[in-house]
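Taken together, the values in this text are just the output of simple stated rules run on the coordinates, not laboratory data. All figures in this text were calculated on a predicted structure; none of them were measured in a lab. In this analysis, Cβ positions are derived from the backbone assuming ideal geometry, glycine residues included, and neighbour counts consider all displayed protein chains.
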Amino acid sequence: ERLKKQLEKCVIVAPKAGMVVYYAENSRYGNSSSQIEEGSQVRERQTLIQLPDLSQMMAKVPVHESKVEQVKTGQRVHLKVLDREFQGVVTDIKNQPESKSFFSAKVKEYPAEVRIEGDCEGLRPGMTAEVEILIANLENVLTIPVSAVVVKGTTFFGYVRTVDGPQKRELLLGLSNDRFVEVKDGVSEGEEILMNPRAAMADELNDEQSEKED
């Protein structure tokens, strides 16, 4: 009778129709430490399954430690999943980095939660999303391509084309994305700056490096 009562309690009734997802908690080494499968041992109050609400989807975005201070709740987000585009908003940014595998433990990434707005039909848990978080919206600022900047220690330089040849300029930079960077001082509007100066002026840059080492 005792075993029959225990068996009856093994039946889990879903509160509503939907999808059931097995829950797996990642260990510090990046692999699953509690894989839910037939024959697995479970403990009291261990999470076994989840019932995701497919009408309200969320994206979990790993943010590199060098950028985490720029991410705030309420920032607008643009997402692309497969061939569909969505809008969203940052709802949370964790204070602790996410557990990584042993081999990439030196790379710290903090998970940010993004609520996807609009119709989420067709989205499924585990899909990969390309996410852009709008950190700031700069208007009427001077920008140059990222590939035009040379980094030496903590100082940034650019090379401007003049009648006497390329001229080295120290740059004061602002915010940037993966294509352009804001320039607060060092060049003026209308000046022509060299793209990829390390390739265009390889000899000169090598000479500067040699002098620094001497």
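For this structure, a couple of remarks:
- Other residues lying with their Cβ under 12 Å from the Cβ of PRO52 contribute a combined charge of +1, Lys and Arg counting +1, Asp and Glu -1.
- All Cα pairs of the stretch 82-162, percent lying beyond 20 Å: 63 percent
- Compactness index (Cα Rg / 2.2 N^0.38 Å), the stretch 126-182: 1.50
- Taking every alpha-carbon pair in the stretch 69-203 and binning the separations at 10 Å intervals from zero gives 10, 28, 25, 24, 12, 2, 0 percent.
- Between the stretch 35-92 and the stretch 140-191, the alpha-carbon center distance in angstrom: 37 Å
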